[in-house]
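Below is one structure, written out as structure tokens; comments come after it.
The values are calculated or read from the model by the stated rules, or taken from the named source; none is laboratory data. Worth saying up front: this structure is predicted, and the values here are computed from it rather than measured. Glycine also receives a Cβ, built like all others from the backbone with ideal geometry; neighbour counts cover every protein chain displayed. Accessible surface is based on the protein model in full, side chains and every heavy atom, while ligands, DNA and RNA are left aside. Shrake-Rupley method; radii C 1.70, N 1.55, O 1.52, S 1.80 Å.
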Amino acid sequence: MASTSYKVIGTRPIRHDGTDKVTGRAQFGADIQLSGMLFGAILRSPHAHARIKSIDISQAESYPGVHAVVTGTDLPEQQQKVAHLGEGDVNLYHLSQNVLARQKVLYKGHAVAAVAADDIHIAQEATQLINVEYEVLPPVLDVLEAMQDEAPVLNDDVRTDSMAGEESKDPTNVAKHYFYEKGNIEKGFEAAHVVIEREYRTSTVHQGYIEPHNATALWNQDGQITIWTSTQGSFMVRQQMADLLKLPESRIKVVPMEIGGGFGGKISVYLQPVAALLSKKSGRPVKLVMDRASVFEATGPTPGSYIRVKMGADREGKLTAAEAYVAFEAGGFPGSPVVCACMCIFACYDVPHGRINGYDVCVNKPRSNAYRAPGSTHAAFAAESVVDEICERLEMDPVEFRLKNAAQEGTRRVDGVQFARIGMKETVEAIRDSEHWKSSLEGKYRGRGIASGFWFNVGLKSSVTAMLAADGTVSLLEGSTDIGGTRASLSMQLAETLGIAAEDIKPAVVDTDSVGYNDVTGGSRVTFSTGIAVHNAGLEMRRQLIERVANIWEVKVEDVQYEDGKVRGPGGKEFTFRELAAKIHATGEPITVKGTSGSENQAGAFGTHCVDVEVDPETGKVDVLRYTIAQDCGTAIHPAYVEGQMQGGAAQGIGWALNEEYVYDEHGAMRNATFLDYRIPTCCDLPMMDTIIVEVPDPQHPFGVRGVGEVPIAPPPAALVAAIYQAVGVRMRELPASPPRLLHQILQR
Amino acid sequence: MAKKRIVTTTINGKETQFLCQPRQTLLEILRDDLALTGSKEGCSNGNCGACTVLCNGKAVNSCLILAVEAEGAEIETIEGVAPVDGLDSLQDAFLQQAALQCGICTPGFIMSAKALLQEQPDPSEEDIRFNLAGNLCRCTGYDKIVRAVQDAAAARQQV
Ligand code: FES
Ligand code: FES
């Protein structure tokens, strides 16, 4: 494969931060201790929808041990203004209200006030002394209900913004209407031999990272603010803080701590501005850490959805047309990833005629946020399930169908984007050729399903600094927080560029004052985009080394070659990297280089999954017997961590498919805000997860990297419901296919 | 506020005294007072296993134990696992197998796995999965974690 000529890329070195992480030394967000530090607690709304009539903090303020109390009015008022956070935009007016509510609370758990005290217990007690008078309003919890004219409206300032530019006159819950069209949809369906149209529902689900949100802030006496926090984007935290507090960015330094999972949920700020306000008021550093219930109730899960898909194919199984209506629950404020769902829903296929309508709809649930390939899992569940029914109707092998219709280089998506070099077909072929697919599955109540998925991956901007040390090692300063092994994957790319060992690179994720700008760790972009920055830094270091050697040898730069970590000159002159490094200080200035990236866009990633299940027809419980993931990963830099992404993403998709959901009562209270009741997969629920790394290099990256992190979450629900259908003959069109729901369908059959 | 108590325990082989309020958990004391932040807090109600420590050799959720209950107990935390001059075979195996991504769950898994291997030196895959089911990992899908424990078991058998 592509990696054969590489020395470092494709190997499996121990990650640089490994020892700290297996010994407990790694400093995660909540681990920080500062001298004089106070602990904070947040008062949250008990109602899903209410007007705040008054807030009285006087009792809390005078409680012994309390140093500061803040409410929404401590934040500067915001105008309607959109801030671009790299991956996704946010309206500051809404973001500010989400951080601390002002006039209204829009979901249970919405932050209303906060306290800083000597210890966490005092802070929690004091929040109970804050008196909030609410006028309770009826909540609306379902996306279709919220779209009705008579539904309670959450935000006075929200009008429907359609892509054509016109706005609705009255306040509404429907914040956005996306519309995409390709070809002539009517003609497409006329040409079809079989047309299937189905409705799908998915529940609100959470990223479920094990580390709760946290933020420690020091508003120093000189006006400088430092934030220690676990985040996917320290520069995004800085930007949001500056916007929310109306301060210049230069006043704020963000120190990214180790991050215990994010999956899209740790980009938006929640606690950071509140900790800063508490610190300002108390004159002391303040630490805020969420409890698990708040993580569920008050951060940004992925939306529940309603999706209607109609697809048609001719007698030979060629798709002729595809249409989708996609409505997402944005939560309290607009901004669901419904546009991403629109981009992904038919992306696996060459669809000649298509139409997609997408709606972003406010409901009284927490403001939704990105979750690993945001929107794509919902989309794949619906579209791939229809594909499975078309295959059944045509009596066609689902692998053959996918090979026949697979999108490839040059295919234009319904939303208009034309694909560069992609590997959809190759992932289907990998499944077709896998032992798993070729094996026979025997036994009662057992079934096999396959499904494909797509994620577009993003490029965005990165900066790194690399510094040569006299002992031949290179320090690498980066600003992309390392959420799953990117210190290793970036160091390996620098090592490959320089021709040295991965172990000779010393990577460090540093604060926002210590490295150039970096966009978020998200969109499966770090190994790709920061990788390009690292490569550029490596090339610049090589250039300077060549110049230095030319000087030492008194030869022309053109006569010096850099190869395999060695410099060679005329007459057999040669230095190893190490020998040269030892001469640096004696022969000139230090070698410190930078690398940046930002103009490249990724080509997108595809995966095809195959799963065997066994269903217990008496309980509706589904056991996953065998699971195989084939994914186009471009060039796999560190295959073990690539496999890990595939396995972890698939596991999340399995949880989404079989168990996970927010259960609400009619008042809009989540009834299962614990890990006991919101059940993510445990190791008892899963088999070993087989991986097939398909390498179709992305030509835009010097080593052919393609983002791998997100796409593996998309196919599992569709693959699982296809397998369940094979096993027990019922088609689950609502997620999760949890035991009670599946049992209900089995009994109805 | 209730009066603070003095508690005497052994932590990572060293006799340790601390002061605590009756309502404080062992996890809180370990993290906030004793600066042993390797034990993580993921849920504080016994559901995630990130806070797992060994108490008299048994794996327990330190968020479910009151600090006062630790009186006289032998506690081992992740900070006590590695020998002075290297890593424990479990820690080694986690690194070799790339059994961690974000790493927040890792200390808890290593502690649970350590307790398991003390009791069952040669566990089957099923034993491992059953015994680690109280530890949640959201990043890895568990495949590499299970393999790491298998490798560590094999490595321990060899010495
Ligand atoms: S923090 Fe103790 S089990 Fe989760
Ligand atoms: S490695 Fe992130 S939770 Fe396990």
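Key figures for this structure:
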| quantity | calculated |
| --- | --- |
| When residues of region A:18-42 are limited to those that are surrounded by 21 or more Cβ atoms within 10 Å (Cβ to Cβ) and assigned to a loop (DSSP other than H, G, I, E, B), the one farthest from the other protein chains (Cβ to nearest Cβ) | A:Ala26 |
| Complete set of residues in region A:204-230 that are free of Cβ contacts under 8 Å to residues at least 60 places away in the same chain, of a type in the set (A, V, I, L, M, F, W, C) and farther than 30 Å from A:Ala737 by Cβ | A:Ile225, A:Ile227 |
| Among the candidates B:Asn45, B:Asn56, residue that is within 10 Å of chain A (Cβ to nearest Cβ) and surrounded by fewer than 20 Cβ atoms within 10 Å (Cβ to Cβ) | B:Asn45 |
| Helices (runs of 4 or more DSSP H) (entirely within region B:79-159) containing at least 3 residues that are within 16 Å of ligand 1 (Cβ to nearest atom) | B:106-119 |
| Unmet criterion (only one of (1) under 15 Å from the mean Cα position of the chain (by Cα); (2) open to solvent by less than 30 Å² (accessible area, probe 1.4 Å)) for B:Asn12 | (2) |
| All strands (runs of 3 or more DSSP E) inside region A:242-322 with 3 or more residues being in contact (Cβ under 8 Å) with a residue 40 or more places away in the chain, closer than 30 Å to A:Ala347 by Cα and touching a helix residue (DSSP H, G or I) at 6+ places or on another chain (Cβ under 9 Å) | A:305-313 |
| Residue count for region A:670-680, restricted to those that are surrounded by 15 or more Cβ atoms within 10 Å (Cβ to Cβ) and within 8 Å of chain B (Cβ to nearest Cβ) | 3 |
| Any hit, region A:239-252, residues being within 14 Å of another protein chain (Cβ to nearest Cβ) and open to solvent by 10 Å² or more (accessible area, probe 1.4 Å) | no |
| Wholly within region A:67-135, strands (runs of 3 or more DSSP E) carrying at least 3 residues that are touching a residue at least 40 places away in the same chain (Cβ under 8 Å) | A:89-91, A:111-117 |
| Options B:Cys105, B:Cys51; residue that is among the hydrophobic types (A, V, I, L, M, F, W, C), under 13 Å from the mean Cα position of the chain (by Cα), within 16 Å of ligand 2 (Cβ to nearest atom) and assigned by TED's automatic domain parsing to the domain that holds B:Gln150 | B:Cys105 |
| The lone exception for B:Ala35 - which of (1) near ligand 1 (Cβ under 10 Å from one of its atoms); (2) more than 15 Å from A:Val289 (Cβ to Cβ); (3) within 11 Å of chain A (Cβ to nearest Cβ) it fails | (1) |
| Scope region B:65-86; condition more than 12 Å from chain A (Cβ to nearest Cβ) and closer than 14 Å to B:Gly49 by Cβ; matching residues | B:Ile65 |
| Verdict on B:Glu74 being closer than 28 Å to A:Gly485 by Cα, surrounded by fewer than 20 Cβ atoms within 10 Å (Cβ to Cβ) and either away from ligand 2 (no atom under 14 Å from the Cβ) or among the small types (Gly, Ala, Ser) (or both) | no |
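Residues are listed down the side, and each one gets a yes or a no for (1) more than 23 Å from A:Phe28 (Cβ to Cβ); (2) facing chain A (nearest Cβ under 10 Å):
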{"site": "B:Cys63", "(1), (2)": "no, no"}
{"site": "B:Asp88", "(1), (2)": "no, yes"}
{"site": "B:Cys102", "(1), (2)": "no, yes"}
{"site": "B:Leu116", "(1), (2)": "yes, no"}
{"site": "B:Pro123", "(1), (2)": "yes, no"}
{"site": "B:Ile128", "(1), (2)": "yes, yes"}
{"site": "B:Asp143", "(1), (2)": "yes, yes"}
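Listed here are the residues, each with its yes/no results for (1) within 14 Å of ligand 2 (Cβ to nearest atom); (2) of a type in the set (S, T, N, Q); (3) at pLDDT below 95; (4) open to solvent by 10 Å² or more (accessible area, probe 1.4 Å).
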residue: B:Glu41; (1), (2), (3), (4): yes, no, no, yes
residue: B:Asn61; (1), (2), (3), (4): no, yes, no, yes
residue: B:Ile65; (1), (2), (3), (4): no, no, no, yes
residue: B:Val68; (1), (2), (3), (4): no, no, no, yes
residue: B:Ala82; (1), (2), (3), (4): no, no, no, yes
residue: B:Ile110; (1), (2), (3), (4): yes, no, no, no
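Residue-by-condition table, conditions (1) of a type outside the set (Asp, Glu); (2) in a loop (DSSP other than H, G, I, E, B); (3) surrounded by fewer than 24 Cβ atoms within 10 Å (Cβ to Cβ):
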residue: A:Thr596; (1), (2), (3): yes, no, yes
residue: A:Glu600; (1), (2), (3): no, yes, yes
residue: A:Phe606; (1), (2), (3): yes, no, no
residue: A:Glu614; (1), (2), (3): no, no, yes
residue: A:Val624; (1), (2), (3): yes, no, yes
residue: A:Gln631; (1), (2), (3): yes, no, no
residue: A:Gly644; (1), (2), (3): yes, no, no
residue: A:Glu661; (1), (2), (3): no, yes, yes
residue: A:Glu666; (1), (2), (3): no, yes, yes
